[in-house]
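Below is one structure; the comments refer to it alone.
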Amino acid sequence: MTDAPIGGWNEPKFDAVREAFATNFAEHGEVGAAVAVYLNGEPVVDLWGGWYDTDHEREWDRNTLVNVFSTTKGLAAFCAHRLAEQGLLDFDAPVAEYWPEFAQAGKGDIPVRWLMSHRAGMAAVRRPLVMEDLYNWDTMCEALAEQEPWWTPGEQHGYHALTYGWLVGEVVRRIDGRSVGNYWREEFAGPLGLDAHIGTGAEFDGRISTLMDAPVDPEAPNIIDVFGGPDSVGAAAFSNPPLGGPDDQNITASRGWRGAEIPAANGHATARALARVYGGAANGGSIDGIHVINPETLDNALVEQSFGPDTCLQIETRFGLGWMLTSEFMPLGPNPRAFGHPGAGGSLGYADLDAGIGFGYTMNQMQQNLSGDPRVNGLIDAIYGSL
């Protein structure tokens, strides 16, 4: 079916997932990837395959890491909810209660809830920035604190593609004292044994596979036009700071990008790590006796906060508190209590509370689909077909 090397294992019941994984290499342009599934707190699928590099000289192995872009937002959401269930963060309190400087430019009444659900009107930065500003936490937070919202907060929603991470992350930092990357590592990744990171040291570079740009579709409309034109908030969200440098270098291959804490976009993870943390959420809130999140915390998190036309993406999106909720745009299986977060190009981590499923998928070949990636959809269909 494919000559791509495939490693790992799966419970025989889930052979269809292995077949769907192989199909991705044979039919859907997969280069290197991994998929993992937890069911009721137990691993049932842990597969990896293909190639670490474009030259097919090195195989993707069980320890290969890759940038998962916005799938990182789901990890940051776990951090905020941990503080909330400890009584340290009130989602209905003004952001300025924790971060006083945020009250500038008429933002004193914006509640944390609107940061978590993309309703704050802070989806892009107004101050002109350069690429290096991405890596300076204080610069980004100062720029956001000083500006006025792009729309009346609370009246509509629009995807805070990059700003979500600094906004939510700064609230975490102001409450706890630790950066969101350190908080994630010490509260979640360390105790749970997760190979997932928000900010990586140079010692990780030898196992990070660089993302490969999505194939260009000459028939596709210009992405800036899709977002509403060059002066739109959607365009600004993805272009200020600019996500590129001289000669259109691949920013995700740079040490600056890998080393910074950008909690909306630069997480590096294995599929196994994503499946495990979401698998704990779907297993009554713990895994192997280690706490992940309280069920009642999830009950609150999964109440729909935003649904409908997205001001930035110009498509329909649906959010709870910090996570996307299953929808026609992002279907996460057949059950209503499914939530998680995808990343640009294809990566995904999600939990299905009704089926007890935790899912993780990572890859190095990006695709342009804003929704409907056949690779991940085929894997999800195979999982539910195997139950």
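A few points about this structure:
- Single condition residue 236 does not satisfy, out of (1) farther than 23 Å from residue 183 by Cα; (2) touching a Leu at 6+ places or on another chain (Cβ under 8 Å); (3) of a type outside the set (D, E, K, R): (2)
- Within segment 315-326, restricting attention to residues that are of a type outside the set (S, T, N, Q) and part of a strand (DSSP E or B), the residue that is farthest from the chain's Cα centre (by Cα) is 316.
- Any hit, segment 32-46, residues being among the hydroxyl-bearing types (Ser, Thr, Tyr), out of contact with any Asp or Glu (no Cβ under 6 Å at 6 or more places or on another chain) and assigned to a loop (DSSP other than H, G, I, E, B): no
- Candidates 62, 127, 119 - the one that is of a type in the set (Lys, Arg), touching a Gly at 6+ places or on another chain (Cβ under 6 Å) and either surrounded by 22 or more Cβ atoms within 10 Å (Cβ to Cβ) or part of a loop (DSSP other than H, G, I, E, B) (or both): 119
- Checking the stated criteria, residue 230 turns out not to satisfy the condition of being exposed (fewer than 15 other Cβ atoms within 10 Å of the Cβ), modelled with pLDDT of 80 or more and touching a helix residue (DSSP H, G or I) at 6+ places or on another chain (Cβ under 9 Å).
- Total residues in segment 238-270, condition assigned to a helix (DSSP H, G or I), out of contact with any Asp or Glu (no Cβ under 8 Å at 6 or more places or on another chain) and either at pLDDT 90 or above or not charged (D, E, K, R) (or both): 8
- Any hit, segment 140-148, residues being part of a loop (DSSP other than H, G, I, E, B), free of Cβ contacts under 8 Å to residues at least 60 places away in the same chain, more than 19 Å from the chain's Cα centre (by Cα) and surrounded by fewer than 21 Cβ atoms within 10 Å (Cβ to Cβ): yes
- When 161, 76 are checked against the criterion of being part of a loop (DSSP other than H, G, I, E, B), under 19 Å from the mean Cα position of the chain (by Cα) and touching a residue at least 40 places away in the same chain (Cβ under 8 Å), 161 stands alone in meeting it.
- Pairs where the first residue, in segment 79-97, is in contact (Cβ under 8 Å) with a residue 40 or more places away in the chain and the second is of a type in the set (D, E, K, R) and outside any helix (DSSP H, G or I), C-beta under 8 Å, 6+ apart: 84/90; 95/107
- Qualifying residue in segment 157-180 (condition: more than 19 Å from residue 115 (Cβ to Cβ), at pLDDT 95 or above and β-branched (Val, Ile, Thr)): no
- Members of segment 174-205 that are without any contact (Cβ under 8 Å) to a residue 24 or more places away in the chain and either buried (at least 22 other Cβ atoms within 10 Å of the Cβ) or assigned to a loop (DSSP other than H, G, I, E, B) (or both): 177, 178
- Filtered residue count, segment 1-57, keeping only those that are under 17 Å from residue 345 (Cα atoms), of a type in the set (Asp, Glu) and under 22 Å from the mean Cα position of the chain (by Cα): 1
- Filter result (of a type in the set (Asp, Glu) and without any contact (Cβ under 8 Å) to a residue 40 or more places away in the chain) within segment 112-139: 138
- Of all the listed residues (383, 293, 357, 287), the sole one being of a type in the set (Val, Ile, Thr), under 23 Å from residue 32 (Cα atoms) and buried (at least 22 other Cβ atoms within 10 Å of the Cβ) is 383.
- Selected residue (only one of 349, 372, 345, 378 is in contact with a Ser or Thr (Cβ under 9 Å, 6 or more places away or on another chain) and either on the phi > 0 side of the Ramachandran plot or part of a strand (DSSP E or B) (or both)): 349
- Residue check, residue 138 of a type in the set (D, E, K, R), more than 20 Å from residue 68 (Cα to Cα) and modelled with pLDDT of 95 or more: yes
- Taken across segment 153-172, residues that are of a type in the set (Asp, Glu) and under 15 Å from residue 95 (Cβ atoms) do occur, with at least one present.
- Against the test of being of a type in the set (Gly, Ala, Ser), assigned to a strand (DSSP E or B) and modelled with pLDDT of 95 or more, the options 7, 108 yield a single qualifying residue, 7.
- Residues of segment 327-342 classified as of a type outside the set (Phe, Trp, Tyr), under 16 Å from residue 378 (Cα atoms) and assigned to a loop (DSSP other than H, G, I, E, B), total: 6
The values are calculated or read from the model by the stated rules, or taken from the named source; none is laboratory data. Since the model is a prediction, treat every value here as computed from it, not as a measurement. Neighbour counts are summed over all protein chains in view; Cβ atoms, including those assigned to glycine, are modelled from backbone coordinates with ideal geometry.
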